[in-house]
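Accompanying notes for the structure given below.
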Amino acid sequence: MVNARGMEVCRKRTHVRIRSKIVIPPLMSTSYEQDYRRSLEQPELFWSEQAKAIEWFARPEKIMEKDANGVVRWFGGGKLNTAWLALDRHVEAGRGDQIALIYDSPVTNTITRITYRDLTERVAKVAGGLLALDVVQGDRVIIYMPMVPEAVIAMLACARIGAVHSVVFGGFAARELAMRIDDASPRVILSASCGIEFQSVIAYKPLLDEAIRIAKHKPEACVVLQREMLEAPLIGSRDHDWAEWEAAAEHASWVALDALDPLYILYTSGTTGKPKGVLRDQGGHAVALNYSMAAIYGTDVGDVYWAASDVGWVVGHSYIVYGPLIKGCTTLLFEGKPVRTPDAGAFWRVLAEHRVKTFFVAPTAFRAIRKEDPRCELMHNHDLSALEYLFVAGERLDPPTYQWLNEVLDVPVIDHWWQTETGWPICSNMAGYGLVETRPGSPTFPVPGYDLKILDEDGKVVAAGQDGNVVVKEPLPPGSLPTVWGDHDRFNESYWTRYPGYYLTGDGGYRDEDGYVYIMGRVDDVMNVAGHRLSTGQMEEVVADHPAVAECAVVGIRDPDKGQVPLGLVLLKDGVNIEHSTLEQELIQMVRGDVGAFANFRKVCVVPRLPKTRSGKILRQVLRQMIDGDPYKVPSTIDDPAILEEVASVLLDMGVMEVNE
């Protein structure tokens, strides 16, 4: 049987269907079906129309063409400046007094509102400061900062002069920062004296100094924002005090850049343990984000938009900084947590106080809120009447959390799915076109520009309801990565070799009989811990350094609060006699020091052997499925099937897994 969407139906899964609670007039003048079809059948025409929605200094000469590497690139020859689009343009249009950025920091008891005019002024000054440090177009600048306005200003200042920024999450350990320093080779690093986690002050400067010490590449200068809760010592002529540096700088004007020029590098975990530098270009990024703000998020000029993420992640880049500001919205920068800053009512307070229209957050935040305030009693003290949409992404939205949100909120709960590599959503229920019915566990349909397929191991499209590998047929739409920084071979190997002509997302999933997409999780060795993609390889490198460990594997197992958490499976060296509790605590501290506390590495099991293929590949996916109680298939290439039983026996004794009926 073949349905109206041209999909063969082989078996039917049962899904709860939930219709939107409120009806909001669509912002888009066309239908989703029309635009999705045109984006696949006439991509040049569709994206040329979207390109007209932003202002160019010179119109693109080519909407779509392949570069020397055979990669489709967008809007070649077009001239623009992303910082100008996000700032100066709004001031020149008479919106300079509109609030551009709200900084809400419960950890410092601070709320600051910055207008488009004032933000433009500060960005121009910091851009001038970078020029004074000899930063020129194409130079890299690493930004290693907490969630403070200066982090946003730093990103936009780089964009203003054509420098390529690489934001590194402030929670990363020195070793991880050093890897990024060596890969990006920054001329300058912009940092801060500290960050704040709940009530704890986290010193950044010692981590920065240690990273520079162990890195092969040495930046020429560092600029440090001194925060009042902790002042950091500065080193000789290398380090500069941010306040003094900015005050002394001259205003820098924007420069016209080609649409294909790089805007930023953002590192994402790779299965080898070495991070991949996802490169984002100027033109496609601006067009895609501007389109997405209205089409996906139902957000327009002057609306208040809040993405509760961090500027160190792709959500922070796309939907704290660039997307909302290019669109002319008011964006919100939140330095806090969903709980304990001060309580589980923090998000409701922010939504009400700042009259947020569209809210974007990872499901793990609501799992934390639900754990502390299951009846949402703290929500009832706040007026959420301005809120129209709640979007969730970053990890799979589990049906229990989805159902709970639908019970406690009077707005549509919209699951959507995308990746660091794409820079904006692949699948979503698109508010701008008018919402369709939702199905728990599904991010609904592919977004225009993404020709999504589900393929089996042989590269054939599977029938509806059948699991497979989620891929996107080339070309990828504007905004997606055109390469991996400094390593195009890795770009090809990671994304395009498995299925030639198709981008490999690394996720498994299926489509139902009506075309709804379901993303079931990673099929590679990257885990998703509270919305943070972390490599098993990088943790295994740390665990393997322990003198008692002969061999190890780290797998991401299901967790009700974090989505996934890492589990360490270790083999001890012969003759080693060490208490399990001692080994576990030492490994926890090692991972905390080399990767970061946010990795949530807290459980270690000593096993007699690890399941492997005959070629030596550890069967992490099989381990993960076995521990989570999911169906799994023992591959014919396994070295010894009895190993799985041995490991399962240990995990059952440790209480890590349960007996499956």
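The table below gives the values:
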item	result
Antiparallel %, DSSP beta bridges [both residues in the stretch 547-650], to 5	75 percent
Long-range Cα-Cα pairs in the stretch 419-491 (distance over 20 Å), rounded percent	44 percent
Two-site FRET efficiency, L571 against E44, from Cβ-Cβ distance with R₀ of 51 Å, rounded to 0.05	0.40
At 1.002 mPa s and 20 °C, Stokes diffusion of the stretch 489-621 via Kirkwood alpha-carbon radius, µm² per second	129 µm²/s
Segment K633-E645, length gained on full extension (0.36 nm per residue, minus Cα span)	3.0 nm
Radius 12 Å from Cβ of Q585, net charge of other residues (Lys, Arg +1; Asp, Glu -1)	0
Nonlocal amide H pairs with E335, under 5 Å, H built at 1.01 Å	D104, S105
Sparse-neighbourhood loop sites, chymotrypsin sites (Phe, Trp or Tyr not before Pro) in the stretch 98-185 - DSSP loop, at most 10 other Cβ within 10 angstrom	none
³J(HN,Hα) computed for each position of the stretch 491-499 - Karplus, 6.51 cos²θ - 1.76 cosθ + 1.60, integer Hz, glycine/proline x	4, 5, 5, 6, 10, 10, 7, 4, 10
Under-5 Å amide H pairs with L225, H placed in peptide plane, nonlocal only	S191, A192, S193, W242
Protein accessible area in the chain, 1.4 Å probe - carbon and sulfur %	48 percent
HN-Hα J in Hz across the stretch 101-118 - Karplus 6.51, -1.76, 1.60, θ = phi - 60°, x for Gly and Pro	9, 10, 9, 10, 10, x, 6, 10, 6, 10, 10, 10, 10, 10, 6, 4, 5, 5
Area of T112 that stays accessible when all protein chains are in place (1.4 Å probe, Å², to 10)	50 Å²
Percent RCO, i.e. relative contact order, over the chain, from Cα pairs under 8 Å lying at least 6 residues apart	14 percent
Cα-projected label distance for V656 with Q403, points at 7 Å along beta-carbon direction, nm	3.0 nm
Paramagnetic label zone (point 7 Å from Cα along Cα-to-C-beta, D118; backbone N under 14 Å) in the stretch 131-159	149-150
Mean-position separation - Cα centroids, the stretch 55-73 and the stretch 431-482, in angstrom	25 Å
Karplus-derived HN-Hα couplings along the stretch 589-594 (A = 6.51, B = -1.76, C = 1.60, θ = phi - 60°), whole Hz, x at Gly and Pro	5, 5, 5, 4, x, 9
The stretch 533-595: GluC sites (Glu not before Pro) falling in loop per DSSP and having at most 10 other Cβ within 10 Å	E579
Length gained when the stretch A203-K617 is fully extended (0.36 nm per residue, less Cα-Cα span)	145.1 nm
Estimated FRET transfer efficiency (D343, L230; beta-carbon r; R0 25 Å; 0.05)	0.50
Fraction of beta bridges assigned by DSSP in the chain that are antiparallel (%, nearest 5)	60 percent
Calculated diffusion of the chain, Stokes-Einstein form, Kirkwood radius summed over Cα pairs, 4 °C and 1.567 mPa s, µm²/s	50 µm²/s
Cα convex hull volume per residue for the stretch 470-533 (Å³)	127 Å³
Residues of the stretch 55-83 with amide N under 19 Å of a point placed 7 Å along Cα→Cβ from D489	68-71
Rg over Rh, two decimals, the stretch 118-171 (C-alpha only, Kirkwood Rh)	0.95
Local electrostatic count, W84, Cβ distance below 13 Å [Lys/Arg +1, Asp/Glu -1]	0
Between the stretch 548-613 and the stretch 312-382, the Cα center-to-center distance that results, in Å	32 Å
Relative counts (whole %) of C-alpha pair distances in the stretch 562-661, using bins that are 10 Å wide	13, 42, 36, 9
The chain - mean residue ellipticity at 222 nm from DSSP helices (-39,500 (n - 2.57) per run, n ≥ 4, rounded to 500)	-8000 deg cm²/dmol
Residues of the chain: accessible area per residue with a 1.4 Å probe, Å²	38 Å²
For D239, distant residues with modelled amide H under 5 Å away	C222
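The values are calculated or read from the model by the stated rules, or taken from the named source; none is laboratory data. In this text the structure is predicted, and so the values were computed from the model without any measurement. Note: ideal-geometry Cβ built from the backbone for every residue, glycine included; neighbour counts use all protein chains shown. With ligands, DNA and RNA removed, areas are computed over all heavy atoms of the protein, side chains included. Shrake-Rupley method; radii C 1.70, N 1.55, O 1.52, S 1.80 Å.
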